[in-house]
Every structure is written in C-alpha cells, then in structure tokens.
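The values are calculated or read from the model by the stated rules, or taken from the named source; none is laboratory data. Please read all numbers here as calculations on a predicted model, not as lab measurements. Every residue, glycine among them, receives a Cβ derived from its backbone with ideal geometry; neighbour counts consider all protein chains shown. All accessible areas refer to the heavy atoms of the entire protein, side chains included, with ligands and DNA or RNA removed. Shrake-Rupley method; radii C 1.70, N 1.55, O 1.52, S 1.80 Å.
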Amino acid sequence: MINTRPLDPVTLTVIDNYLTSTCRDMGVTMMKTSYSPIFNESLDFSCVIFDTQGQMLAQAEFCPSQIGTIKFTVTWTLDELGLDAFEPGDVVLHNDPYRGSGHVPEHMMLKPVFFQGKLFGFVANVAHMSEPGAKTPGGLSGDATEVFQEGLLLPPVKIKSRGQDNDDIWKIILANHRTPKVTYGDFRAMMASLDLAEGRIHELLEAYGSSTITSACDELIEIAERRMRAEIGAIPNGVYTFEDVIEDDGITDRSYPIWLTLTVLDEEIVADFTGSAPQAIGPVNAIYAVTASAVYNAVLHLTDPTIPRNEGCYRPITVIAPPGTIVNCTFPAPVAGGNTETSPRITDMIFGALQHAIPDRVVAACGGTSSPFLFGGTDPRNGELYAHFHFEGVGWGGRKGADGNDMVVTINGNCRNTPIEVFETRYPAFLIESYRLLPDSGGAGEYRGGLGGERLLTVTSEVTVSALLNRMLADPWGVLQGGNGARGGIWVKRVGHREWATFVDAFGTLSPSKFSGIRLKPGDQVRLVMPGGGGYGDPRQRDRARIAHDISEGFVTSERAHADYGYAE
Amino acid sequence: MADSASRFLVGIDTGGTFTDLVAYDPDSGALTTSKTPSVPRHPGQALIDAIQAAGLAVPEIGGLVHGTTVGTNALIERTGARVLLLITAGHEDIPYIQRINRKTLYDLTWQKPKPLLASRQDSVGVLERIGSEGQTIRPLDVAALEAACREVKGRPIEAVAICLLFSYVNPEHERQAREIVERELPGLPISVSHEVAPIWREYERASTTIADAYLKPLLERYVGDLSATLVDAGLTGPWTIMKSNGGAMLAAVAATHPIQTAQSGPAAGMLVAAALGNQAGLPNLLTLDMGGTSADVGIILDGKQKHTTEYEIEWGVPAAIPLIDIKSIGAGGGSIAWIDAGGFLRVGPESARATPGPACYGLGGTRPTVTDANLLLGRLDPGYFLGGRMALNRELAETALMRLGEQAGMPLLDLASSIVEIANENMASAIKMVSLERGHDPRRFALFAFGGAGPLHAAAVARALRIPRVLVPMFPGNASALGMLLADLRVDKVWTQAFRSSRVDAALVAREFAIIRDAAEAELRAEGFAGVPQADFSIGMRYAGQNYEHQVPVSTEAMSEAGLQDAFRTFERLHSERYGYAIAGEEIELVAFHVTVTGRRATPRLAAPMGASTPSEARVRSVYFRGAGDLPTTTWRRYDLHAGTRLEGPLLIEEPGSTTLVEPGMTIEVLPDGQLLIETNAG
Amino acid sequence: MSAELNHAGRESPAITEEQAREGEWIMPTVSYINPERRFCAFTGRPIARRFWQVTVGERSLSFSDPAAALRYATYPKSSAKPGIQDPLS
C-alpha cells in the first residue's frame, strides 16, 4: 500500500516531523522571550502552520482549545482580507471573537510565508494576553454583559507591513492596555516566533522545492482524514445524547443547559447542539469556533493519537450550533468564559454521550473549570500597574484501568501553573499560604476521579480581583455508575472576620463564582477550591488494595472510604 | 603527578552493558583501550576487569577519572533511597501537583509522573516562611520541626531533602532546618535546596533536591566500595568522578553531590569532541554520539561546549543541574523499525537494547533494528563486529526485515535503506534543533561522529544537513572514556540576586563575585588541585519582565560601571542574534551571577596507532546505496592506515568498536593524529 | 437580522439536494460601518465573507460552502425538544 503513494513514506514522515517540530520551536521562542507569566510560565499559547486555503498543516502540544479555534480565526482572516492583501513581512493581529477568535484576551498573529515570490502558506500563533484592556484588570470580567467590556477588539489588522511596524496600531493597543510594557514584550515574542517559523519553512522549501512540500502536505491531510474516518468508523453507529449545564452567568441566577445530540454514522460524527439554552447575558457564552474546537478536542482524545495533526483530522466532524444559543452566541454577547469554562464542558459531554458506546475509551468529567481568578493593581514597589490571569488545575475523571490524574489543567488547555516563587516575585498582591491536593474530592468509582486542590492566598497590598469559575454549584459527573467529583469555588475571609464567606455574602456580587472589580485589602484572604474529577465505574468494584492505598496516602479519608466503597480497615 | 611506576592516566566509563577504558601513557603518548562487560553487582570488579583487559595493573595508574550510569540508572529504574522531604508547611503537595500540564495532547491514558518520594506521607511541612525579597515572614518553628523529625523516626527513611520557599534568596531557614535534622535524625544524608540547585521555581528546585537525596546513599556506597577495591588493588592516588557539567570532582566529594553525576558519560563525550576538534583545527562542531539505544547530539562553538540546566529524569520530573547541553533521541543501532497505524514506517524510540538486542545478535530478538538494516545493506561485516568477538547472523536479520517488508509492501533492500534513512533523518532533526534553530548554520560546522554506530551514519547525516566535513576520532566506541582523560577539575558557583540595570551596584557585584570565586577556589584546592585556577564569570540577564535568562560572559569579576554597560550591550546583541530583536532602552534584569573555576590539568595530546604505510591491498565487498544499487566497496582496517592517506568513497573503514562509512563522491583523509576527516562535498 | 436556526430546532425550509447544488457563491464587500453578520444555515457557523447562497422560493439560505448545503438537505431534522429540563431547578 505504501508504494502506491506519489511521495514515499520516508519523505512524508520527515516533512510531518519537520513541520511539527517547527511549531514546537515557535513555542520555545515565545516562552523564552515573553514577559507575562501566562506566557513564560503557563505557556497559554499555541503555534500552528497553515496553507493558503487556511488548512491546518501542523500543530504541537499546545492548548487544544486554541488549536481548534485558530482554524476559524485564520480562515476568517484570509476570507476577510483576501490572499492578495498579503505581502512578505506582514504580520496580522486579530482577537475579535465575532470574527473567529476564541475570546478577547486571545490574540492571534499571522505571517505569510513567501517562497520565490509566491505565497506558500502562513505561520500563526495565538496567545492569551494577561491584560487585554477590559473593564477590570486581566479581562475575563465575570459580570461583563457585552463583549466591549472584555477588552480592546481588534479585527484582522496589520501590525507590521512589509517588515515595518505600523506604529499607529501599536499606539492604539498600548494606550488601551493597563500594562503596555508587558503587551509590547509579549507581542515581540510572538513575532520572534513567527520569524523563526518562517525561516524554518524557507529551509524546508529550499531543500525539497515547494511543489514537493505542497503535495506532501496534501497527502498528509488525506492520510489524516482517512485514518480519522477509520477511527470514527470503529465507533458503533448511533444517536447519543447528553446534557450538562453552565450553572450561572454572573448576572442572573438561572442556569444554562447544553443539549447534545451526537450522531455517529459510519465514518462521520455530527455533534448537534440544537435544544441548548439561549445565550447568556453574562460571559459564559461560547462562540461557534469555541464549540467546534471543544468537539474536535473530544474526538481527537478518543481516536489514535498518532494520526498527523492537521486539517484532515477535522473533516469528518460536523458541529451544529444554532446562533443565539450559549454554544453559538451572537454579537455583542460577552464570551470570555465560553473559552475557559463552556469549552471543557462541551468536550466532556462528548465522552458522556459515548460512555455506553465505547466504555473502554471514555473518561468521566474533569473538574471542568480553569478557575479563572484575575487580579491587578499598582505595584507598591515601583508604582507600575500590573494585571494577571491566574488559573488552576482540576481533578481529571477516572478511566478504564486507571484513576484520574490529580490537579491537571482542564482538557481545553495544556498550560502550566505559575510557580509560587514567580507569582509572589511578580505580583506583590498576595502571599500564598498553601497549595495542596484536597482529599475526598475525586468522585468514587472502580477507577476514582483525580483530586482537585485548594489554594489559600493572603492579600498583602490592595488589589482588584475578578473571577469566572464554574462547578461551584453543579457536580463534575461520573460515568458508568461512577460517583461525582467534589465541586470547587471561591471564598473570602475579610480582615476581622473569622468565617469564610462567598463573594455574594461578603460583597453582594450577583454570583458566588463570577464577578469583577472587587477591591481587597491587606489581610483579606481568598480560598480557591478546584473541583475533583468524576469516578469511572461502580465504586463497589474498586480493588480493595487501591482503597487501602488511597487511605494511607491521604487521598481518601477512612470515613469516605466507608461511605463510598463500604470499606472497613 | 606520580613517578613513572604509576604513570598511566586512565578514563573508565561504566555503562549498563559495557565498561569502556582508555589509558594514556604520558611517556610514549600511546593510548590503550578495552571494552569489557559491566558487572552491576560488583562495580569494582568491572573496573579491575577493564584495567586488566587493557594490560594494566592498578598500581601503574597515576590518575583515574570515572564516569558511571549508576545514578542515572537508579533514577530511571526508581531504585534510589526512601527520602523524607521537608518543605514549607502548606506546600507539601508540590511534588505531586507539579506544573499541572500534560505530556501529550489527546491521550486519555496518560498518567501524571510520580515524584521520587515513596509516599505522600514522606512530604512533611516545616512551619516557616520567607518572602520574595528574602524577608522573614514567619520564623522557623524549631520545636515543631523537632517534633516532626521524631515522628518520622519509625519510618525507614534513608535520606532527607530540605526545600523551603525562597531559600535561593535567603537560605537561613534551610540552614536552621539542616542543623535540626542533623541533631534529630543523626546519620542520615541531607540535601538542601539552596545548595543543590539555588534556582527559583519551587517545584523544579524541590524535584532536584529530592533526586539528590534519592541518590546519596547509593552513591556513597558505590564510591565507598570502589575506593576500597581500588585501594586494595594498589591505587595510591586520588580518583575522580565525571560530573554532568564536564568537570571532574574527587570521588568522595561526588558522593555528596550525587545528582551532579547524572549525565557524566555524555558530558565526557562532549569534552573529547571539543579537544579533538581543536586538535584537528575544527573548533566548531556538531556532535553525533550514536550508541545502541539512543543518539546524543550537541554543539561545540569556538572549542567550547554549551551548558544548560534543563535535565529531566522523566517528562515532568526535572533535575536542574548544570550540565553540558545535549539532546538525546531514541535513535540507536538497537532502535526498532515498525509500521504505525497509518502505514508510515517508523524507527524507534523503542529499542531492542542489549538483550535481546537486534535480531542479528542471535540472542532472541525478532524485531528489525537499525543494526539489522545496516547488516543487510552490507555496511557491517558480520565477522568483524566488536573486532570479531560477536558474530552477526544475516539470516536472522533478513527474517526480521522480511516480515516488516510484507506489511509495508516494500522489497528488502529498499526497506533496509529506508530504515537507515529514517534513523538518519531523526538524528538530522535533532542536530537542527541544536544548530539551525539556535541560529547556527550547519554548513559552517564539522560533524564529530562517535559512539559505536555514529561513524557508520555520519556521512549520510552530514549530507542531509549539508555539513561539509565529518571528523571521526580514534576509538569512537570508547570516546566517552577518552573524554574522561581530558576532564579538568571544575567547580560552578552561583549567587542568585535580582537587580535592575538602572539600579545595580557594580561594587557590590564585584564583592560578591570575589566571594563566590574564593569559595569555588577553596573547593578546588580541597579536591587536591595545586595549580593556578582559571575563573570565568557570567551574569544571567533578561529584559525586566522576561522569565528566562541568557548567560552573558563578563571578562572580570572586578565589575565597574563601564564593565556593566558593556555587559548590557552584549546581552542586547545576544538577544538580537537569537530572536531577531532587541528592545532599545528597556530595563535589563540581572538575576544570577555565575563563576566557574577550572583547575586545568595537563591535556594529553591524543593520537591513534597507525600503520607504517597504508597497505596496497584491501578487501572489497558489496554495499547497497540507494539510487546506485550494489557498489563494490573497499574495506580497510583503520589502524593499518597511516597519516596523510587520502581515499575516495565508497569505502568502509573498520575497527573493533566501530565502522566508518564513506559514501560515493566523498573523500577521506587520515589526519596526523590518526583521526579520520571526511569531505562530504555537500556544503 | 434574524437567524435561520434557533435554539428551538430547525425551522428553515427543507431543501432538496438538487437545490443545494444549484446555489451560487456570493462575495459581499466587508463593511465596518454597516456590518452584516451571517450564519451557515446548516451548522450555524458565522460566515466571514464569501458564502454559498441557495434560493428556495421567496427565501434565500446562506451556507459556508456547497457541502454544508448538501448536508443540510439530507441531515435529519433535530429531535431535540426546546425548553429542556433544567437540572438545577
């Protein structure tokens, strides 16, 4: 079978590896040169390569939600501007969710790659800026009601033309962000990453010639599609349904159900969200690209991870999301939490829907929140403004044969935490008192859900905080009779108070988990709790040795072992 | 060094399978080698065996440098000590929480790595707190720590790691904690984070400190046993162990800094590359060390290795030690070829290792490997592997490849050739990462090829990267041992303190540089160095706001304002070279001040044995080259060739530990010191 | 402007495969003063600029591309019920 291909498999492997490693190295450049901890510690960015039709050619181990979404950001850019608009040395910047960006803080940069005077394709990256110029520091304002409150919107504009900075664009952006120096450094890091990739693609084109590379890329896309179809073909045909909920929206106390009808028909999958709730007033709405990306993410998790990661993977997947709903909101609804919160919810729902169809491959719900906790203020050491997007890991769901992982970032991301020593050095606002796993937070099951965690922070200088959490009211669910994981949340203990209180009780916010612009004073304390993962399978089937180990390691208390598993030491 | 009775300088590299030795006789300049099986249970015996196999007696040894994988293996196989971690209270789960990211995307079966701790209960909180500026927020609670120590007394703890927040700024609490542990848990080895790895990022520092403690009892035993065996056998002088940073330290000292030895073998390989490159007038090298299970690649710029601190025991479990920057990939002679679910031919990273080994070893391996492919292509002589000590079985290799060929629908030689090409491409990609991606054009380098399999693949790898020359050292299969002969004594010290470029006090920097240089020199003298040490200084700098720094060399520790300004300009130039931009007028942050003190030792001039004149006749065998088919290929015994010989490819040059392949269209020259220089004509 | 799909299910007129094929590409100019926001009648995907227009009687349907139009013609009408039970209430 190999011999019938126009290009030999060796060349294909080499080109595929080359493109993937190029994406990886774009990431290293961004990490090493960027300014904000969300870049250089958390790695909240993704780097990808596209052809002239906006087809993804390669990606690497970045944030799955960004990778899925950037497809839409790039194709929108190419469609709106037209290919003729690009010249060598141009860099396009874009973050408008109503033009295909995931949410306002996520900025995409795109650079055309020309070879011998002809447009070959594009290198692009997308990164979460720690400060987008929203109504409160760090954006992700939990009570925003319009996208305009979520930061400065940038349609696809050239921040560089033919290698020269467009100073006017820079000025507009830098004047609108609270931390222009950080924005400047991070944007430069993104550009350095694009330059590196452009150079590497030139090397590749010089070595092989552009027609070989183009046909290799087409071939790789076809291979990916063929393999993806075969994988989907192995899932039993059927119409599967699942329902989950976004518990509130920061403005009203109503919840927003999401309804999924998943059709597997031969080699294709259709995820239809018709029947989901109308779009929210608050910022929990997903734009279409985010919803589609979340579905892709789930399907990629359920299929062979060695399939080349390019456009072909996505072709057999269709996503139907009616406009005006929480999974495809319309302008100008706020969208910040769609990307961090609604996205993992949608991904988990695909697993939930398929739990009986492919029980050996699915996973129970993860903690399902990025626990976005935003803060900013004036650094008392130098008088400069600062802003930060802090997020957390969660417990992951149990799966066949193994307990869920403890404290890993939700399935839509692949970011790292900010080390305490970096956090406190950069941000004088807090002292981190503790950061730990929470016993009993994993859902019971034959394979237990992973543990969530807890972080306690004491305010050390006046700071303005915002939050956009979920799973404070609705449980991370188990599958196949597995128990639910523990919920998370955020609480505050103000100076002079002895008890933890919700922000509703302490500050009169509309939601306990979604709010913005709350000013905290030195001595106030914040408690962030990260949800655990759901359990997999009947807890009564759990291996007794695993339960004993859980108790001796302190993952499960004896009381809960008794209650959940009927275990007596 | 010693009288002529004990004059030999000996390097011994103990790997998992073989113990390699190179001995240098300073009187004659002759090099002697041996390769003997390792004896993991009796490491001392393996050394004695290796020494005897080289025809030496221990009392003849004047200097011994040893590299060992005992630490590396204990880390990989998780057979180290049970460690008690003492960490700032409230943060006991840091080794478990880690950095919360995952290794690969889209893999629901992935398991987060476990720390080197035996139990989560062995991570115990210390009531104390230092802040980000080094201020004491909460004094260390002595009574509570004493009580905690007493509580763990019942557990079979073998070593203690201490890692407290911000100890790299203010180590006072860690020092206090150590004193308490010494008192309360006497006799246990202790590793303290501000000494093991004075870096920020608490998880990385804790992980490194745990790893150090994890290896301590083992290395202490190992060094003790070896010392006893060697002394019994008549060793009179001190002996040293290779560190991952390319320096050597007294064995007894190494036992107290065990994590420093984790990558000692590959580090020695880079030393030999630098030295032999300089000897051949080629100070800029890309290195390819291809062995049985993996290939290590690195870069030598202006005769110097690159250093880093990014080492991982496994993905997600870092050990931030100073080491020579080497990239390791799963491409070796034993790498297995397979067809993935999409029908792509792949090679590695899985390896057949030493057992069962490649199919052609006849030790039970049935899956096709790179070595099997090489054999079928005619590139290896089945009768001269390891100098004829191991016969290779062609039929077994053929059977293994046929099976894969049917699956892939490829004829045998085509498949064998493709396997070699994919392995080559994997190595070429790795070399690109250390060269092109850091702004170094491979066309301006020579490829230094060693390890048993390196010289066989180097010509093709060089061709793919358009590297114009390949340098093959003498005894490429023993190159790490050879490198150990070249190791200087070396001590690295760092002072971690952050300054902004606008507010840095040059006089203070000069004072601190002098303090750490004095401390490093004192250590060097304690290791028996009597000469004049060389001190090199550098400052870790980044733009204020960045989180990763660049090492900016400074010429002297006597920092002046003007010297600092020069250093800032150097930083901007380096940043611009690497990333294509500098930010004019931006504040620069100075975060760490490094000194490396080197005790230079007499570097032997290395020369290979050579024939008096190149024999007029050589054997010819048929070798398959893609595109050209079977070509009659002359094969030479390497050490029959004499200096100045020039030959044209295709040809094979064989020696007991390796085979050098010269492709058609390439030429080879035997250099005056016996190294082989291939002109690839590919630049 | 009104969406062609809403959360309560598909209300747009069904089209035949032949009608789906007989559409035409429309390439509007992009206006920032009077922006048009269109969605694919099948998937709901927002349309950046170019779209495949299928006309059925009085009504025009916009699709991302002809493939989406074809699938719209054959995809079964959603079985989801509007106003599904809120698990928290």
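General remarks:
- Crossing angle, helix B:142-151 versus chain B [Cα axis fit, 0-90 degrees, rounded to tens]: 50 degrees
- R0 of 56 Å, Cβ-Cβ distance B:Asn278-C:Thr16: FRET efficiency to nearest 0.05: 0.10
- For B:Glu655, the residues 5 or more places off, or on other chains, whose built amide H falls under 5 Å of its own are B:Arg638, B:Thr660.
- A cut-off under 15 angstrom between Cβ atoms defines the neighbours of A:Arg162, and their net charge, with Lys, Arg +1 and Asp, Glu -1, is -4.
- Under the criterion of Cα pairs below 8 Å and six or more residues apart, the relative contact order for chain B equals 12 percent.
- The peptide list B:53-64, A:252-263, put in order of mean Cβ contacts within 10 Å with the highest first, becomes A:252-263, B:53-64.
- Per-residue mean of C-beta atoms belonging to partner chains within 10 Å, peptide A:415-427: 6
- Between 0 and 90°, nearest 10: helix B:394-408 axis offset from chain B longest Cα axis: 80 degrees
- Stretching the chain fully between B:Ala30 and B:Asp340 yields a gain of 106.7 nm (0.36 nm per residue, less the alpha carbon separation).
- Top positive-direction residue, dipole computed over the stretch B:52-161 with Cβ charges, set B:Pro115, B:Thr72, B:Ala144: B:Pro115
- Beta-bridge orientation, the protein assembly as shown: approximately 80 percent antiparallel, per DSSP, counting only bridges with both partners inside.
- Dividing the summed helix terms, -39500 (n - 2.57) for each DSSP H run of n ≥ 4, by the number of residues in the protein assembly as shown produces a 222 nm estimate of -9000 deg cm²/dmol to the nearest 500.
- Under a model in which nothing but the beta-carbon of Lys, Arg (+1) and Asp, Glu (-1) is charged, the stretch A:17-146 shows a dipole of about 300 debye around its Cα centre.
- 0 to 90° range, to nearest 10: angle between helix B:561-579 axis and chain B longest Cα axis: 50 degrees
- Highest-first arrangement of B:18-30, A:279-291, where packing means the average Cβ count within 10 Å: A:279-291, B:18-30
- Under-5 Å amide H pairs with B:Ala161, H placed in peptide plane, nonlocal only: B:Leu84, B:Leu85, B:Leu86, B:Ser191
- Antiparallel bridges, percent of DSSP beta bridges restricted to the stretch B:65-222 (to nearest 5): 15 percent
- Buried accessible surface for the B/A chain pair comes to about 7000 Å², total over both chains, computed with a 1.4 Å probe.
- Dipole moment magnitude, nearest 20 debye, the stretch B:277-317 about Cα centre, only Lys, Arg, Asp, Glu C-beta charged: 240 debye
- On association of chains C and A, roughly 2800 Å² of accessible area becomes buried (total for both chains; probe 1.4 Å).
- Accessible surface of the protein assembly as shown, 1.4 Å probe, proportion on carbon and sulfur as whole %: 50 percent
- With R₀ set to 25 Å, the beta-carbon distance separating B:Arg573 from B:Asp302 gives a calculated FRET efficiency near 0.95.
- Listed pairs A:Lys160/A:Lys521; A:Lys493/B:Lys114; A:Lys135/A:Lys160; A:Lys111/B:Lys432 exceeding 32 Å between Cα atoms: A:Lys160/A:Lys521; A:Lys493/B:Lys114
- Nearest-0.05 FRET efficiency for C:Met27 and B:Gln52, computed from C-beta distance (R0 60 Å): 0.10
- Long-range amide H partners of A:Leu385 with built H, under 5 Å: A:Asp379
- Each residue, A:Glu553 and A:Arg540, gets one label point 7 Å from its Cα in the Cβ direction; the gap between the two is 2.6 nm.
- Zone of A:His356's modelled label, taken as backbone nitrogen in the stretch A:247-265 under 14 Å from a point 7 Å along Cα→Cβ: A:262
- Spin-label model, B:Leu363/A:Asn237: points 7 Å from Cα along the beta carbon direction are separated by 5.3 nm.
- Percent of beta bridges antiparallel (DSSP, chain B, rounded to nearest 5): 70 percent
- Neighbouring partner chain Cβ atoms per residue of A:295-308, average, 10 Å criterion: 3
- In terms of its C-alpha gyration tensor, chain A comes out oblate, because a/c is 1.5 or above while a/b does not outweigh b/c.
- Within 10 Å of each Cβ in C:35-43, the average number of Cβ atoms from other chains: 4
- Ranked packing of A:489-500, C:64-75, most packed first, by mean Cβ within 10 Å: C:64-75, A:489-500
- A simple charge model with +1 on the Cβ of Lys and Arg, -1 on the Cβ of Asp and Glu and nothing else charged puts the dipole of the protein assembly as shown at about 200 debye relative to its Cα centre.
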